[in-house]
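Data first, discussion second: the structure below is written as structure tokens.
The values are calculated or read from the model by the stated rules, or taken from the named source; none is laboratory data. Predicted, not measured: the structure shown is a model, and the values here were computed from it. Methodologically, a virtual Cβ is constructed for each residue, glycine included, from the backbone with ideal geometry; neighbour enumeration extends over all protein chains shown. Remember, those area values only see protein heavy atoms, side chains included, never the ligands or the DNA or RNA. Shrake-Rupley method; radii C 1.70, N 1.55, O 1.52, S 1.80 Å.
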Amino acid sequence: MMKIEAVIHPFRLDEIRAALEDLDCESIAISEVLLNGGSKAPKTRYRGCEYRVDVPSVKLEMLVSAHRVDEIIDVLSQAAYTASDGDDGGTILVYEVSDAIRIRGGRR
């Protein structure tokens, strides 16, 4: 079993969710996150001082079979892609899960 985490732009969420539903991947945890872009973060000025701005993003988390990982990553990559210059489009991370336990019932 594998865990896939994807950090995407909020405006791409509906398209990504629809693409994942077409693959019967419906159990997705969705949360709002703020990305601190470090030195590449957008800057703004307020009262003569310069500040870095945190970028609002959406994080998707899902547990999938190891056999479906490449298929899901391809769909995520295509649906999350933006052609904007200077835009990385997001990040996809894949982890191996050693065990998963349902709280209700204790099923593994």
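All of ARG12, ARG68 fail the test of being surrounded by 10 or more Cβ atoms within 10 Å (Cβ to Cβ), modelled with pLDDT of 80 or more and touching a Cys at 6+ places or on another chain (Cβ under 8 Å), apart from ARG68. Could you list, in sequence order, all residues of the stretch 15-37 that are open to solvent by 70 Å² or more (accessible area, probe 1.4 Å) and in contact (Cβ under 8 Å) with a residue 60 or more places away in the chain? Of everything in the stretch 15-37, just one residue is open to solvent by 70 Å² or more (accessible area, probe 1.4 Å) and in contact (Cβ under 8 Å) with a residue 60 or more places away in the chain, namely GLU15.
Could you tell me which of the residues VAL33, VAL97 is over 16 Å from VAL7 (Cα atoms), at pLDDT 90 or above and either of a type in the set (Val, Ile, Thr) or touching a Lys or Arg at 6+ places or on another chain (Cβ under 8 Å) (or both)? Being over 16 Å from VAL7 (Cα atoms), at pLDDT 90 or above and either of a type in the set (Val, Ile, Thr) or touching a Lys or Arg at 6+ places or on another chain (Cβ under 8 Å) (or both) holds for just one of VAL33, VAL97, which is VAL97.
Scanning the stretch 1-26 for residues that are part of a loop (DSSP other than H, G, I, E, B) and in contact with a helix residue (DSSP H, G or I) (Cβ under 8 Å, 6 or more places away or on another chain), we see that the one that is nearest to HIS67 (Cα to Cα) is MET1.
The set of residues in the stretch 39-65 being open to solvent by 70 Å² or more (accessible area, probe 1.4 Å) and not in a strand (DSSP E or B) consists of SER39, LYS40, ARG47, ASP54. Pairs meeting the criteria (first residue in the stretch 51-77 and free of Cβ contacts under 8 Å to residues at least 60 places away in the same chain and under 14 Å from CYS25 (Cβ atoms), second residue part of a strand (DSSP E or B) and of a type in the set (Lys, Arg), beta carbons under 8 Å, at least 6 apart or on different chains) are GLU61/LYS3; MET62/LYS3.
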